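The values are calculated or read from the model by the stated rules, or taken from the named source; none is laboratory data. If you're wondering where the values come from, they're calculated on a predicted model, not measured in any experiment. With ideal geometry, Cβ positions are generated from the backbone for all residues, glycine too; neighbour counts draw on all protein chains shown. Calculation scope for accessible area: heavy atoms of the full protein, side chains included, ligands and nucleic acids excluded. Shrake-Rupley method; radii C 1.70, N 1.55, O 1.52, S 1.80 Å.
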Amino acid sequence: AMAGGLEPHLEALRRELLASDPTVLSVLLALLAVVITFLIWRFVQARRSSRKAVLLLGLCDAGKTLLFARLLTGKYRDTQTSITDSSAVYRASNDKSASVTLIDLPGHESLRLQFLERFKAAARAIVFVVDSVAFQREVKDVAEFLYQVLVDSTVLKNAPALLIACNKQDVTMAKSAKLIQQQLEKELNTLRVTRSAAPTSLDGSSTGAPAQLGKKGKDFDFSQLPMKVEFVECSARGSKGEEGDADFEGLEKWLAKIA
Amino acid sequence: ERGGNNSFTHEALTLKYKLDNQFELVFVVGFQKILTLTYVDKLIDDVHKEFRDKYRNEFQQKGTLGLLNGTFDFKEDFLRLLRDAEESSRVRAPTVMKTFEQSLKSQKTVKCMIETRGEKPKEKVKNKKNKGPKKEGTEAVAAPGKASAGDKQPPAAGDKEELTKDEILQKNREEFFRRHKKAGEKSSKSPKPEAQKEKGKKPRVWDLGNSNAKVLDYSNSATNGSAEAAPAEEFDRDTALGDRNREPGRLYDLEYESDDEAEEEKVTQNPSKPSAKKGGGLGGMFGMLKGLVGSKSLTREDMDPVLEKMKDHLIAKNVAAEIAVQLCESVAKKLEGKVMGTFTTVTSTVKQALQEALVQILQPQRRVDVLRDVLEAQRHRRPYVVTFCGVNGVGKSTNLAKISFWLIENGFSVLIAACDTFRAGAVEQLRTHTRRLNALHPPDSHGGRTMVQLYEKGYGKDAAGIAMEAISYARNQGFDVVLVDTAGRMQDNAPLMTALAKLIAVNTPDLVLFVGEALVGNEAVDQLVKFNKALADHSMAQTPRLIDGIVLTKFDTIDDKVGAAISMTYITSKPIVFVGTGQTYCDLRSLNAKAVVAALMKA
């Protein structure tokens, strides 16, 4: 019935077009082509920018690139400090066959914010990798980076799931996930006071007052955040070193849940 | 962002690297610094080419997974290339010296080689030599008149010269005698006045020597010793003060032409190249399309005009000239060979890369969080010491007052150490600030504690000693922060720089802040380099305390010429901790890197 309804319309349209000036016809066709291209382009872009990415963040030398390699290939690779991002599609091992894009970002101080800016909009989940062995020394830097990630406006808006992966558990001196959680909470508690008291940025930045992390009166707790936060222990190198597999079942399970 | 030069030295090793921007590869060669290997550059180029060609497919098709999974068994290829490179550098047959006949010199006539100058017969008498190596004896004896010179020159065979040797000798002898005659005349003249002088030794008569002291005393007895009674001269106030309408403190007026808004679309230049090659109209149109859509890799020639424009733009925005050059160089290195995406022009790619490099510069290393560190020091029950240094007149004392206000607002008690014992009124200035701050934050509102106190010892004392006493006083009294104000000093003034370095080395402050004004241009580079150098040279410790952060002052006086921020952070790689935007206590801001870069890139 629809086809029948359309037919006379099409015929009328054709007759009208043929009757009119050929230049008008060509202009109309050109406009139509442009509109169609525009729509296709928008569609493609929208599809591309749907949040399918899992970002691997962390300080330098936390083990992000090795985790990335292990998750994708299962093999051990010698890695260097990343200076650019790497991304690949990761298929969770269960049979749902849903895939996410794993993106490994560099941890170096001068690069990390820039790459975070680029990829934060596409993030469905964030894996924050922490070096459990050097944690005691680096706790302030870890907390600072985590704070910067958490108060980012895009992250607050999208509230991607957050997993804090305490890496390098194969070393005996590694701190447990519980300890890391406690220390981070304490440090973030102090940080949110000092950061919000910092002098306002130049030309009164548009974000107004910096976002307050958690609830004001109480001590900071990860449960106060708008996103789901989990802590998991893992080891990218694995207990058997280069030959064996990595121990990160918790991480894989979580990724399967996210996908 | 410092990718301009491609070599890096660390201890005993030198590293040279090469970037492949198309496939995002980095090739690094390391060798011992003491060896000067000439084949390194060639080797790295060869390795790059071969590696790329061998694994090109894997890069293009398989992407990241290909990189992770692939085995890149390049060892044999690399060893082969290394061997080739070593051999090519070693094998160079000792070059056979050209015989004299082969050289060009034998073709010239001797006459044209002789430069006959009047006074100085220093011409190189080039007779033809029948020797192989050119070095020996070609430099003819210059001093004329030495008879032996003539003998040294062996008789030339097959000569084309027009002057024979004897004639040349004769000529030289004439010159010699002529000169000696002149000298003889001079010497004959000189004995005469001497003879006159020999008559008798007369005592020297100084003009004023015989008069007594009274005539010599020019001091005005009335004003002697009284400091206040300045002679009431008539001086013209206007000429003394100069132009009253001139803004005080302004360094110079920048004469610059406004950047023209019209961006030359590089795309339109692209078709001119292929069309010039093909010479056809149809070829030109396709060329333009190809430039728009296709995967075109950037070459140096494409980028150069754009980079030139960007460099001038940066310099116009008050970035130091050498830093602008280095920045553009590193952007060029980063982009060379990169494949552009669709619908992107060269200008936009370069601008994007430059913007990223600038943001990266402004966010160096670890952010200095003063409050966090003060809390840390509070826990250890010791005061947090901040030292302000800089050249004259940049706003150290003003910004010190602003920072102490900010600290008081956050509940920390501050001790200000007046270590500027030179400038007139420095101590009084700090005393006034202390009084005002205490009025704003009276002790009652802070549980009976005076929040600000001034520690001063007057003028003329040793600054390092005052600082040390102030810190121990603060520790005893339980102050949280000590702010040390030093005298302004020029970076070229060696004794003052030594004094500053001593102050910092002896007292080991927690934070050394360099105060620089935003108006400074190329001077910023010089100031920071010399300050850092002085601090490094005079420190005894293994790792010397250098400048930890920068305070950028007088930011309200520049509208968008914010280049000084870039210059300063580039030189030191330390962050800008505070920005001063005025003279009241609330005019203290932190740096917003994106806003600054946006202002910088704005046309």
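Can you give me the number of residues within the range B:453-474 that are in a strand (DSSP E or B) and open to solvent by 40 Å² or more (accessible area, probe 1.4 Å)?
Total meeting the criteria: 1.
Specify which of the listed residues (B:Asp548, B:Asp556) is over 20 Å from B:Ala321 (Cβ atoms), touching a residue at least 12 places away in the same chain (Cβ under 8 Å), surrounded by fewer than 21 Cβ atoms within 10 Å (Cβ to Cβ) and within 14 Å of chain A (Cβ to nearest Cβ).
Only one candidate qualifies: B:Asp556.
Please work out which one of (1) buried (at least 20 other Cβ atoms within 10 Å of the Cβ); (2) within 18 Å of B:Asn399 (Cα to Cα) is the condition B:Leu440 fails and give its number.
For B:Leu440, the failing item is (1).
Which members of the range B:396-406 meet the condition of being at the interface with chain A (Cβ under 10 Å from one of its Cβ atoms) and open to solvent by less than 10 Å² (accessible area, probe 1.4 Å)?
The answer is B:Lys402, B:Ile403.
Hey, any hits in the range B:471-480 for a residue that's at pLDDT below 90 and among the small types (Gly, Ala, Ser)?
yes
Would you check if B:Thr543 is in a loop (DSSP other than H, G, I, E, B) and either open to solvent by less than 40 Å² (accessible area, probe 1.4 Å) or more than 14 Å from chain A (Cβ to nearest Cβ) (or both)?
So B:Thr543 passes the test.
Among the numbered criteria (1) more than 10 Å from chain A (Cβ to nearest Cβ); (2) open to solvent by less than 20 Å² (accessible area, probe 1.4 Å); (3) closer than 18 Å to B:Lys317 by Cα, which single criterion is violated by B:Thr572?
Against the list (1) more than 10 Å from chain A (Cβ to nearest Cβ); (2) open to solvent by less than 20 Å² (accessible area, probe 1.4 Å); (3) closer than 18 Å to B:Lys317 by Cα, B:Thr572 comes up short only on (3).
Say we look at the range A:95-149 and pick out the residues that are among the acidic types (Asp, Glu) and in contact with an Asp or Glu (Cβ under 8 Å, 6 or more places away or on another chain); which of these is most open to solvent (accessible area, probe 1.4 Å)?
A:Glu138
What about B:Glu301, is it of a type outside the set (A, V, I, L, M, F, W, C) and within 26 Å of B:Ala518 (Cα to Cα)?
When the stated conditions are applied, B:Glu301 does not pass them.
Any idea how many residues of the range B:323-371 are more than 12 Å from B:Ile566 (Cβ to Cβ) and away from chain A (no Cβ under 14 Å)?
17
Mind checking which residues of the range B:562-603 are β-branched (Val, Ile, Thr), within 21 Å of B:Arg367 (Cα to Cα) and not in a helix (DSSP H, G or I)?
Correct list: B:Val562, B:Ile576, B:Val577, B:Val579, B:Thr581.
Inside the range B:575-603, can you point out the residues that are farther than 22 Å from B:Lys311 by Cβ and more than 11 Å from chain A (Cβ to nearest Cβ)?
B:Gly582, B:Gln583, B:Thr584, B:Tyr585, listed by residue number.
Inspect all residues belonging to the range A:164-177 and state whether any of them is within 14 Å of another protein chain (Cβ to nearest Cβ), open to solvent by less than 40 Å² (accessible area, probe 1.4 Å) and free of Cβ contacts under 8 Å to residues at least 60 places away in the same chain.
Just the residues of the range A:164-177 that are within 14 Å of another protein chain (Cβ to nearest Cβ), to begin with: none.
Checked the range A:164-177: no residue is within 14 Å of another protein chain (Cβ to nearest Cβ), open to solvent by less than 40 Å² (accessible area, probe 1.4 Å) and free of Cβ contacts under 8 Å to residues at least 60 places away in the same chain.
Give me the residue from the range B:362-393 that is in contact with a Ser or Thr (Cβ under 8 Å, 6 or more places away or on another chain) and modelled with pLDDT under 85 and, out of that set, nearest to A:Ser196 (Cα to Cα).
B:Asp369
Restricting attention to the range B:524-576, which residues are charged (D, E, K, R) and closer than 18 Å to B:Gly395 by Cβ?
Residues satisfying the conditions are B:Lys554, B:Asp556, B:Lys561.
Residue under question is B:Ala426, and the condition is that it be closer than 30 Å to B:Ala494 by Cα, touching a helix residue (DSSP H, G or I) at 6+ places or on another chain (Cβ under 8 Å) and at pLDDT below 90; does it hold? Steps first, please.
Values: closer than 30 Å to B:Ala494 by Cα: yes; touching a helix residue (DSSP H, G or I) at 6+ places or on another chain (Cβ under 8 Å): yes; at pLDDT below 90: yes.
Yes; evaluated as a whole, the condition is true for this residue.
Does at least one position in the range B:418-429 carry a residue that is closer than 20 Å to B:Val512 by Cβ, within 14 Å of another protein chain (Cβ to nearest Cβ) and open to solvent by less than 30 Å² (accessible area, probe 1.4 Å)?
no
Among B:Asn438, B:Asn476, which is under 15 Å from B:Ser404 (Cα atoms) and not hydrophobic (A, V, I, L, M, F, W, C)?
B:Asn438
If we keep just the residues of the range B:447-479 that are over 37 Å from the mean Cα position of the chain (by Cα) and of a type in the set (Phe, Trp, Tyr), which is nearest to B:Ala417 (Cα to Cα)?
B:Tyr455
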